[in-house]
Amino acid sequence: AVVSTQSTGNAMSCDLNDNWGIKAYSLHDRPSVLTSLSIRQKHNLLNKLKAEYPVFGSTDTDNTTALTTIDNGHAKYLEKRPVLIISSTSWTPDEDFSVLLSALVKYDQEHTDHHPDIICAITGSGPQKAYYQQKIAELELSHVQIVTCWLEPEDYPKLLAASDLGVSLHYSSSGLDLPMKVVDMFAAGIPVCARNFKCLRELVIHGKNGCAFDDSDHLGRQLLTMLNKFGSKENKHLRILKNGVEHFRKLPWHYHWKHVALPVFDDKYVFKDYGTDDENSLPGNPLTSGMPRNMI
């Protein structure tokens, strides 16, 4: 009989213990690779993608994309650039993308001079893609552009890192599983607005590394608040959330494995040459920094 195992979240561990009598240890998903791009690398990526998806480009030459430009040989952001929001999906019924579309309509309708325009890239392929593409084509938006993409595997993490904000519409009917796409977004350094459900707080801590929303109106209001005066010192919302994401990125897979999984196996000699043994060399050590346990 199984007496112990590992799960990917605290809620799942509790369920295994309460309903099956299995002692489970929570080993949360962590990214093994972190992706960061310079403005020049973002410029090059958008230049590459605009051939197939013109929304990423500009009427100018290769010197300018929708977000960036080359000035005296140096890449920089455009002064009044749009915000790049990204979401990924397999276009199945368990992710209701009408929630995101309705939120973007709300943003467009309540847009002011203090709000940037939005480019929303939705990546992935699946059975409902054509249905939503038709819905998107029917929208009349002045300050929001929506593009559905299918990217090369190496370009997906790069586009995440080139984005300003991620959106996850994953909803766990069981309340036990966490969206890996959010881990990917955090690995790229971007905060996430995620649809709320029972155990989401194990990954997305509202107001710390992202925001949880309940419906389209809630998400629309979050976008209007978060992006108000985007790019100025007065906009502190995204800066706070990005700082929270950096805490997540500073706890690598090896650190989590060592403190959660390895003690269960207790075969330390197998892993003695793996990674660093100096815990104090890791910034944001949760044992000393006071970081919430569910960030580990």
* Asked: Has segment 163-172 got at least one residue that is assigned to a helix (DSSP H, G or I), open to solvent by less than 10 Å² (accessible area, probe 1.4 Å) and at pLDDT 95 or above?
  -> no
* segment 118-144 - residue that is touching a helix residue (DSSP H, G or I) at 6+ places or on another chain (Cβ under 7 Å) and among the small types (Gly, Ala, Ser) and, of those, least open to solvent (accessible area, probe 1.4 Å) -> ALA121
* **Residue list for segment 123-174, filter: over 17 Å from ALA51 (Cα atoms) and β-branched (Val, Ile, Thr)** => ILE136, VAL144, VAL167
* Residues in segment 283-290: is at least one modelled with pLDDT of 85 or more and open to solvent by less than 80 Å² (accessible area, probe 1.4 Å)? -> no
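Condition check ((1) modelled with pLDDT of 95 or more; (2) on the phi > 0 side of the Ramachandran plot; (3) under 19 Å from the mean Cα position of the chain (by Cα)) across all residues:
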{"site": "ARG81", "(1), (2), (3)": "yes, no, no"}
{"site": "SER90", "(1), (2), (3)": "no, no, yes"}
{"site": "ASP94", "(1), (2), (3)": "no, no, yes"}
{"site": "VAL99", "(1), (2), (3)": "yes, no, yes"}
{"site": "LYS106", "(1), (2), (3)": "yes, no, no"}
{"site": "GLU110", "(1), (2), (3)": "yes, no, no"}
{"site": "ASP113", "(1), (2), (3)": "yes, no, no"}
{"site": "ASP117", "(1), (2), (3)": "yes, no, no"}
{"site": "ALA121", "(1), (2), (3)": "yes, no, yes"}
* **Residue under evaluation ALA75, criteria (1) open to solvent by 50 Å² or more (accessible area, probe 1.4 Å); (2) modelled with pLDDT of 95 or more; (3) in contact with a helix residue (DSSP H, G or I) (Cβ under 6 Å, 6 or more places away or on another chain), criterion not met** => (1)
* Out of (1) touching a residue at least 40 places away in the same chain (Cβ under 8 Å); (2) farther than 15 Å from LEU223 by Cα, the odd one out for GLY73 is which? -> (1)
* Structure fact -> A careful count of residues in segment 201-243 that are assigned to a helix (DSSP H, G or I) and at pLDDT 90 or above gives 18
* To do: Those residues that are open to solvent by less than 30 Å² (accessible area, probe 1.4 Å) and either hydrophobic (A, V, I, L, M, F, W, C) or closer than 17 Å to THR123 by Cβ (or both), I need them from segment 62-72; list them, please.
  => ALA66, LEU67
* **Selection count, segment 101-117, where residues are more than 15 Å from THR148 (Cβ to Cβ), open to solvent by less than 30 Å² (accessible area, probe 1.4 Å) and in contact (Cβ under 8 Å) with a residue 40 or more places away in the chain** => 4
* Quick check, is LEU224 within 21 Å of TRP253 (Cβ to Cβ) and touching an Asp or Glu at 6+ places or on another chain (Cβ under 8 Å)? -> no
* Would you call THR59 open to solvent by less than 80 Å² (accessible area, probe 1.4 Å) and either farther than 27 Å from LEU224 by Cβ or at pLDDT 95 or above (or both)? -> no
* Structure fact -> Pairing a residue in segment 84-95 that is farther than 23 Å from HIS143 by Cα with any residue that is buried (at least 22 other Cβ atoms within 10 Å of the Cβ) and among the polar types (S, T, N, Q), where Cβ atoms lie under 6 Å and the two sit 6 or more apart in sequence or on different chains, gives GLU95/THR89
* Take the residues of segment 148-157 that are open to solvent by 20 Å² or more (accessible area, probe 1.4 Å) and of a type outside the set (D, E, K, R): which is farthest from ALA66 (Cα to Cα)? -> PRO153
* Hits in segment 184-200 (condition: open to solvent by 10 Å² or more (accessible area, probe 1.4 Å) and assigned to a helix (DSSP H, G or I)) -> ASP184
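The values are calculated or read from the model by the stated rules, or taken from the named source; none is laboratory data. Because the structure is predicted, anything quoted here is derived from the model rather than measured. Using ideal geometry, Cβ is built from the backbone for each residue, glycine included, and neighbour counts are taken over all protein chains shown. Accessible surface is based on the protein model in full, side chains and every heavy atom, while ligands, DNA and RNA are left aside. Shrake-Rupley method; radii C 1.70, N 1.55, O 1.52, S 1.80 Å.
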